[in-house]
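Colleague: Please read through the structure below; I'll follow up with questions.
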Amino acid sequence: MTDEWATRVEAVWADAALSDLERIAAIDALAAQRDADDPRALYERAGARDSAGMEEDAEPLYRAALRGPLAPDVRTQAVIQLASTLRNLGRVDEALGLLEAEYAHTEGTALHDAVAAFLALALVSAGEPERAAAVALQALAPHLPRYTRSVTGYAREIADRRA
């Protein structure tokens, strides 16, 4: 992906004046400048539809994007977004599988906490609020100015009770 292309994509996402359909059209026009099976273009097309509430249209595009090579951070975002889409479509178990694998895979990365947030949401949807709280607290604990060790310990206690 060229920097110029990425900059134009970012500009479309940043344009708050665009309606959902205008954003989809603008992203599709940019995606058309790349190969039809370009993973990043497919990811952007999926995201535009997902953002517009068109999850059923977004799902196959996310899956196609994930079949190709994506930068690690974009890949993680695609997994998060696909899992969120699946959760919204009522396929919580599939979303959990994707997020649990990504949670393990992203340990120590910048997007690990984002994965944790969506994993917690999926766990709540799956009827596991205690496990969701444990995941969320474990993600939050390192960001606290104090009590990191205590919150981490309490989160582990909750997780151990559920195991």
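The values are calculated or read from the model by the stated rules, or taken from the named source; none is laboratory data. Keep in mind the model is a prediction, meaning the values are calculated, not measured. Glycine also receives a Cβ, built like all others from the backbone with ideal geometry; neighbour counts cover every protein chain displayed. Just so you know, the surface numbers come from the protein's heavy atoms only, side chains and all, with ligands and any DNA or RNA stripped out. Shrake-Rupley method; radii C 1.70, N 1.55, O 1.52, S 1.80 Å.
Colleague: Checking GLY53 against (1) at negative phi; (2) more than 14 Å from the chain's Cα centre (by Cα), which test does it fail?
Modeller: (1) is the only condition that GLY53 fails.
Colleague: Report whether or not ALA25 is surrounded by 11 or more Cβ atoms within 10 Å (Cβ to Cβ) and farther than 30 Å from ARG91 by Cα. Spell out the reasoning first.
Modeller: Working: surrounded by 11 or more Cβ atoms within 10 Å (Cβ to Cβ): yes; farther than 30 Å from ARG91 by Cα: no.
Spelling it out, it is not the case that ALA25 is surrounded by 11 or more Cβ atoms within 10 Å (Cβ to Cβ) and farther than 30 Å from ARG91 by Cα.
Colleague: Quick one: ALA52 ticks every box in (1) surrounded by 20 or more Cβ atoms within 10 Å (Cβ to Cβ); (2) more than 23 Å from LEU119 (Cβ to Cβ) bar one, so which box is it?
Modeller: Of the numbered conditions (1) surrounded by 20 or more Cβ atoms within 10 Å (Cβ to Cβ); (2) more than 23 Å from LEU119 (Cβ to Cβ), the odd one out for ALA52 is (1).
Colleague: Next question. Evaluate the following for ALA58: is it among the hydrophobic types (A, V, I, L, M, F, W, C) and open to solvent by less than 60 Å² (accessible area, probe 1.4 Å)?
Modeller: Numbers: among the hydrophobic types (A, V, I, L, M, F, W, C): yes; open to solvent by less than 60 Å² (accessible area, probe 1.4 Å): yes.
Yes: the conditions hold for ALA58.
Colleague: Turning to a different aspect of this structure: Filter region 1-24 for residues that are closer than 18 Å to MET54 by Cβ, more than 22 Å from the chain's Cα centre (by Cα) and in a helix (DSSP H, G or I) and give the result.
Modeller: If the condition is that a residue be closer than 18 Å to MET54 by Cβ, more than 22 Å from the chain's Cα centre (by Cα) and in a helix (DSSP H, G or I), then GLU22 is the only one that fits.
Colleague: So, one more: GLU44: surrounded by fewer than 21 Cβ atoms within 10 Å (Cβ to Cβ), of a type in the set (D, E, K, R), at pLDDT 95 or above and part of a helix (DSSP H, G or I), yes or no? Lay out the reasoning, then the answer.
Modeller: Details: surrounded by fewer than 21 Cβ atoms within 10 Å (Cβ to Cβ): no; of a type in the set (D, E, K, R): yes; at pLDDT 95 or above: yes; part of a helix (DSSP H, G or I): yes.
The answer is no for GLU44.
Colleague: I'd like to check which helices (runs of 4 or more DSSP H) are fully inside region 62-147 and have at least 2 residues that are surrounded by 18 or more Cβ atoms within 10 Å (Cβ to Cβ) and either within 13 Å of the chain's Cα centre (by Cα) or in contact (Cβ under 8 Å) with a residue 40 or more places away in the chain (or both).
Modeller: Values: elements: 72-88, 92-105, 112-125, 129-140.
By residue number, 72-88, 92-105, 112-125.
Colleague: For region 61-101, enumerate the residues that are of a type in the set (Asp, Glu) and farther than 20 Å from GLU44 by Cα. Explain how you work it out, then say what you get.
Modeller: In the first step, residues of region 61-101 are kept if they are of a type in the set (Asp, Glu); the result is 73, 93-94, 100.
Matches in region 61-101: ASP93, GLU94, GLU100.
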